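The values are calculated or read from the model by the stated rules, or taken from the named source; none is laboratory data. What you see is a predicted model, and the numbers here were worked out from it, not measured in a lab. Ideal geometry is used to build each Cβ from the backbone, glycine not excepted, and the neighbour counts take in all protein chains shown. Just so you know, the surface numbers come from the protein's heavy atoms only, side chains and all, with ligands and any DNA or RNA stripped out. Shrake-Rupley method; radii C 1.70, N 1.55, O 1.52, S 1.80 Å.
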Amino acid sequence: MALRNIREIGDEILLKKCKEVTQMTDRTRELIADMFDTMYEADGVGLAAPQVGILKRIFVIDTTGEDPHVFINPEILETSGEQCGTEGCLSVPGKRGMVTRPNYVKVKALDENMKEFVLEGEELLARAILHENDHLNGILYTTKVEGELEDVVAEPIEEEK
Ligand code: NI
């Protein structure tokens with residue numbers, strides 16, 4: 001298991017457009033494995049390659065802790081509906097904000113074997129796919145927040161009885 005350093009807002013790499021992946025290599029396989037490790041360690045539901053400093057069109061998502069997906073060269077085919085909810089990002093620690101996004105998304109991408117798949121997602125999965133896809137185009141959710149970016153207040157830890 002290898003953890004990578006998560007780049008934070010202010011780092012200009014987060015504002016750059018990522019490049020297509022043309023072939024799977026050992027290095028890219030390792031990157032994907034490290035991205036999953038880094039995402040789980042940080043308690044995130046998604047992580048995009050530029051967040052660990054790599055400008056490749058790759059992101060990983062797991063919204064339930066048991067449903068890992070890797071998306072390479074993703075393409076949003078369809079969106080519909082609307083959801084308004086709180087969003088956060090591992091690159092913007094301690095903050096959250098309200099973002100309106102489509103409630104449904106259909107995405108086409110390549111998996112870790114460079115095999116094409118199509119996935120449909122709703123609600124949190126749709127939000128995560130669109131958030132991570134934005135990262136590949138250098139877009140942070142902070143540019144889409146309605147109102148103020150809020151501080152996340154840590155829940156007080158309950159004392160054991
Ligand atoms: Ni993010």
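Just one of the listed residues (127, 96) is open to solvent by 70 Å² or more (accessible area, probe 1.4 Å) and within 12 Å of the ligand (Cβ to nearest atom), and it is 96.
For residue 76, the conditions (1) over 15 Å from residue 112 (Cβ atoms); (2) open to solvent by 50 Å² or more (accessible area, probe 1.4 Å); (3) out of contact with any strand residue (DSSP E or B) (no Cβ under 8 Å at 6 or more places or on another chain) all hold with the exception of (3). Would a scan of region 27-36 turn up a residue that is within 13 Å of the ligand (Cβ to nearest atom), without any contact (Cβ under 8 Å) to a residue 60 or more places away in the chain and more than 19 Å from residue 129 (Cβ to Cβ)? Checking region 27-36: not a single residue is within 13 Å of the ligand (Cβ to nearest atom), without any contact (Cβ under 8 Å) to a residue 60 or more places away in the chain and more than 19 Å from residue 129 (Cβ to Cβ).
Which ones in region 43-70 are in a loop (DSSP other than H, G, I, E, B), away from the ligand (no atom under 11 Å from the Cβ) and open to solvent by 10 Å² or more (accessible area, probe 1.4 Å)? Can you show your working first?
Step one: of region 43-70, the residues in a loop (DSSP other than H, G, I, E, B) are 43-45, 53-55, 57, 62-68.
Those still in the list that are away from the ligand (no atom under 11 Å from the Cβ) too: 43, 53-55, 57, 62-68.
Scanning region 43-70 gives 43, 53, 54, 55, 57, 63, 64, 65, 66, 67, 68.
The C-beta contact set for region 123-147 (first residue under 20 Å from residue 36 (Cα atoms), second residue assigned to a helix (DSSP H, G or I) and not β-branched (Val, Ile, Thr), distance under 6 angstrom, 6+ apart or interchain) comprises 131/141; 135/50.
Being touching a residue at least 12 places away in the same chain (Cβ under 8 Å), open to solvent by 10 Å² or more (accessible area, probe 1.4 Å), of a type in the set (Asp, Glu) and over 15 Å from residue 134 (Cα atoms): is that true of residue 20 here?
Working: touching a residue at least 12 places away in the same chain (Cβ under 8 Å): yes; open to solvent by 10 Å² or more (accessible area, probe 1.4 Å): yes; of a type in the set (Asp, Glu): yes; over 15 Å from residue 134 (Cα atoms): no.
So residue 20 fails the test.
Tell me whether region 108-115 contains one or more residues that are more than 14 Å from the chain's Cα centre (by Cα), within 16 Å of the ligand (Cβ to nearest atom) and open to solvent by less than 40 Å² (accessible area, probe 1.4 Å).
We begin by selecting, within region 108-115, every residue more than 14 Å from the chain's Cα centre (by Cα); these are 108-115.
Going one step further and asking which of them are within 16 Å of the ligand (Cβ to nearest atom), we end up with none.
Within region 108-115, none of the residues are more than 14 Å from the chain's Cα centre (by Cα), within 16 Å of the ligand (Cβ to nearest atom) and open to solvent by less than 40 Å² (accessible area, probe 1.4 Å).
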